C-alpha cells in the first residue's frame, strides 16, 4: 500500500465530494437546499475574513448582499449586461459600499462597530423598499436573466451548483492566499492586539478598511448569484435575521478557521429545511431563531472555539485505518494463494 498516503488534506476530500455530489443527489429539493448552503458558505467566509482574521465585529453583511444583488439585477435587466459582467459589477459595488462604510466607521471598535453595521443593514433595506422607481419596492425585481456560457443558457439547479462551487473555491483560495501574505499577517496582528500592531508600524486603520472592503465584495458576488438563481430579488431577500444567522454560522464553525464556514453553514441552513415538511412557513422562521438560541447556548457551554476550532492551519485526515484494511485484505489473499499451492 505504498501508493496510498498516510494522510490527506481535508479540503481535497471536500472538493472531490462536492464535484461528485450532483451525481448522487437526485432530489431537486435537496439540491436546492445544498445551493442555499453554498451561498451561506460564501457569506460565512466573507464575514470570517473581517471578523475572524481582522478582528472587527461586523453584523450587517446582508446589506452588501442586497447592494450587490440589486446592482447586478438592474444592470442585467435595464442595460442588457451579461451575468458575468454583472457579477463583477456586483462585487465592485459591494467593495465600494464597504469602502464608504469602512472609512466612516472603522475607527470604532467592538460593539459600537457592530451596531453601526447593523444599522447600515436596515438603512439599505428601507431604502430598497422606498426607492420604488428603481427597485420596484417590496415587489422586487422579477425576470432576472440566467447565465449563459458559449450559447448554453443555464436551466435547472445543476449548472448553478457548479457555478456556485467555482465561486466558493475562488473565495476560499483567495482568502487563503491573502492570509499567508503580508496583508494577512497584518490583519492577524491587528486581531490579536491592535495597539501592539500599531506600535510595530502596522497601519491598522488602512488594513481594517481594506479587509472590510474585500469582505463586502464577496458578499456582493453572492448577491448577484442569488438574484440570477432565483430570478427575483427584493428587499426581503436578505434581511437583518440573515446577518445574524451568518454571524452564528461563523461562530458555530469556528471564528478564524479556514474551514469553519462549512460545518456552520451546513448545520444552520439545512436544519430548518429538514423540518419544513412538519411545520408551516411562519414556524420555519421561528425555528431558525430557536436554533440560533440553542446553538449559541451550546457553544458558550461546550465548544466556545467552534466546531473547527480557531486555527488557520490545514486539517488532515488520517488514512491509516484504510491502509491497515487493505493490508489485512492483501495478507488474506496471499495466504489463500499459498494454501492453494
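Is at least one residue of region 111-128 within 25 Å of residue 24 (Cα to Cα) and touching a residue at least 60 places away in the same chain (Cβ under 8 Å)? Among the residues of region 111-128, not one is within 25 Å of residue 24 (Cα to Cα) and touching a residue at least 60 places away in the same chain (Cβ under 8 Å), which makes the answer no.
Would you mind stating whether residue 159 is over 25 Å from residue 236 (Cα atoms) and either touching a strand residue (DSSP E or B) at 6+ places or on another chain (Cβ under 9 Å) or not in a helix (DSSP H, G or I) (or both)? Don't jump to the end; show me each part of the working.
On the way: over 25 Å from residue 236 (Cα atoms): yes; either touching a strand residue (DSSP E or B) at 6+ places or on another chain (Cβ under 9 Å) or not in a helix (DSSP H, G or I) (or both): yes.
It is true that residue 159 is over 25 Å from residue 236 (Cα atoms) and either touching a strand residue (DSSP E or B) at 6+ places or on another chain (Cβ under 9 Å) or not in a helix (DSSP H, G or I) (or both).
Looking across region 180-191, the residues that are within 23 Å of the chain's Cα centre (by Cα) and closer than 17 Å to residue 50 by Cβ come down to 181, 183, 184, 185, 186, 187, 188, 190, 191.
Every residue, every condition in (1) modelled with pLDDT of 95 or more; (2) more than 23 Å from residue 167 (Cα to Cα); (3) in contact with a strand residue (DSSP E or B) (Cβ under 6 Å, 6 or more places away or on another chain); (4) surrounded by 16 or more Cβ atoms within 10 Å (Cβ to Cβ), yes or no:
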site: 93; (1), (2), (3), (4): yes, no, no, yes
site: 104; (1), (2), (3), (4): no, yes, no, no
site: 107; (1), (2), (3), (4): no, yes, no, no
site: 111; (1), (2), (3), (4): no, yes, no, no
site: 117; (1), (2), (3), (4): no, yes, no, yes
site: 122; (1), (2), (3), (4): no, yes, no, no
site: 132; (1), (2), (3), (4): no, yes, no, no
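Before we move on, is residue 200 surrounded by fewer than 20 Cβ atoms within 10 Å (Cβ to Cβ), touching a residue at least 12 places away in the same chain (Cβ under 8 Å), more than 26 Å from residue 33 (Cα to Cα) and more than 16 Å from the chain's Cα centre (by Cα)?
Numbers: surrounded by fewer than 20 Cβ atoms within 10 Å (Cβ to Cβ): yes; touching a residue at least 12 places away in the same chain (Cβ under 8 Å): no; more than 26 Å from residue 33 (Cα to Cα): yes; more than 16 Å from the chain's Cα centre (by Cα): yes.
Judged against the criteria, residue 200 is not a match.
Restricting attention to region 231-248, which residues are more than 16 Å from residue 114 (Cβ to Cβ) and either in contact with a helix residue (DSSP H, G or I) (Cβ under 8 Å, 6 or more places away or on another chain) or surrounded by 22 or more Cβ atoms within 10 Å (Cβ to Cβ) (or both)? Those that are more than 16 Å from residue 114 (Cβ to Cβ) and either in contact with a helix residue (DSSP H, G or I) (Cβ under 8 Å, 6 or more places away or on another chain) or surrounded by 22 or more Cβ atoms within 10 Å (Cβ to Cβ) (or both): 233, 234, 235, 236, 237, 238, 239.
Assess whether residue 179 counts as being at pLDDT 90 or above and surrounded by 11 or more Cβ atoms within 10 Å (Cβ to Cβ). Can you show your working first?
Values: at pLDDT 90 or above: no; surrounded by 11 or more Cβ atoms within 10 Å (Cβ to Cβ): yes.
Criteria not met by residue 179.
Assessment of region 65-84 against the conditions (surrounded by fewer than 19 Cβ atoms within 10 Å (Cβ to Cβ), within 21 Å of the chain's Cα centre (by Cα) and farther than 20 Å from residue 40 by Cβ) yields at least one matching residue. Once region 227-241 is narrowed to residues that are assigned to a helix (DSSP H, G or I) and modelled with pLDDT under 90, the residue that is nearest to residue 75 (Cα to Cα) is 240. For residue 215, the conditions (1) part of a loop (DSSP other than H, G, I, E, B); (2) farther than 18 Å from residue 76 by Cβ all hold with the exception of (1).
Among the residues making up region 129-154, those that are touching a residue at least 60 places away in the same chain (Cβ under 8 Å) and either under 22 Å from the mean Cα position of the chain (by Cα) or outside any loop (DSSP other than H, G, I, E, B) (or both) are 129, 134, 135, 137, 138, 139, 141, 142, 146, 147, 148. Kindly establish whether residue 146 is closer than 17 Å to residue 97 by Cα, surrounded by 14 or more Cβ atoms within 10 Å (Cβ to Cβ) and in contact with a helix residue (DSSP H, G or I) (Cβ under 7 Å, 6 or more places away or on another chain). Taking the combined requirement at face value, the residue does not satisfy it.
The values are calculated or read from the model by the stated rules, or taken from the named source; none is laboratory data. The shown structure was predicted, so the numbers you read here are calculated from the model rather than taken from an experiment. No Cβ is skipped: glycine too gets one built from the backbone with ideal geometry, and neighbour counts run over all protein chains shown.
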